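A.B. asks: Quick one: the structure is below, and I'll ask about it shortly.
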């Protein structure tokens, strides 16, 4: 698919979309969850959280349970092992950069219960900066 087609597809999605792409920061392909409450973002800036199967890290680091969202195998087809939506440090990047990265594709839309759990985790966070919280939560000050 051409970049324009991928971009049009991404724009047609909504908050809670799970996208697969190559992350230069992580140095590998990753799943990310779109967090912006306004979609598509008017400035093109996507706020997202990575997913990870490294659940042991969160247990060992004593990350507060209310600041992450756990997914179980079978919740979605891409979740084949216990997985965490890591809301401890959301990232932001231009949508065009995400879409143009290698391995980009739309994977699935999160169910409403998981989107609500994401909102609850963002509200509970003491480390997500105000600017990002305003981009994520529609009713945030």
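The numbers here are math on the coordinates, done by the rules we state, and not lab data. Computed from a predicted structure; not experimentally measured. Quick reminder, even Gly has a Cβ in these numbers, built from the backbone with ideal geometry, and neighbours come from all protein chains shown.
A.B. asks: Among (i) 15.0; (ii) 8.3; (iii) 8.9, only one was calculated for this model; which label is it, if the read-out is mean projected area of the Cα convex hull in nm²?
C.D. replies: Here mean projected area of the Cα convex hull in nm² agrees with entry (ii).
A.B. asks: Compare the peptides 17-23, 74-80 by average per-residue count of other Cβ atoms within 10 angstrom and give them in order, highest first.
C.D. replies: Values: 17-23: 19.6, 74-80: 12.9.
The most tightly packed comes first, giving 17-23, 74-80.
A.B. asks: Rounded to the nearest whole Å³, what is the per residue volume of the convex hull around the Cα atoms of the range 45-96?
C.D. replies: Numbers: hull volume 4.5 nm³, N = 52.
So the per-residue hull volume is 86 Å³.
A.B. asks: While we're looking at this one, here's another question. Using Cα pairs closer than 8 Å and at least 6 residues apart in sequence, work out the relative contact order for the chain, in percent.
C.D. replies: On the way: 241 pairs, mean separation 42.0, N = 141.
Once normalised by length, the contact order is 30 percent.
A.B. asks: Given the rule -39500 (n - 2.57) for each run of at least 4 DSSP H residues, summed and divided by the residues of the chain, what is its mean residue ellipticity at 222 nm, to the nearest 500 deg cm²/dmol? It would help to have the intermediate numbers written out before the result.
C.D. replies: Details: 5 runs with 42 residues, N = 141.
Calculated from helices alone, the mean residue ellipticity at 222 nm is -8000 deg cm²/dmol.
A.B. asks: Still on this model: Roughly how many whole Å is it from the C-alpha centroid of the range 120-141 to that of the range 64-114?
C.D. replies: Between the Cα centres of the range 120-141 and the range 64-114 lies a distance of 17 Å.
A.B. asks: Hey, another quick one. For 83, 52, what's the fewest-to-most ordering of other Cβ within 10 Å of each Cβ? List each step's numbers first, then the result.
C.D. replies: Numbers: 83 21, 52 17.
Lowest to highest Cβ neighbour count: 52, 83.
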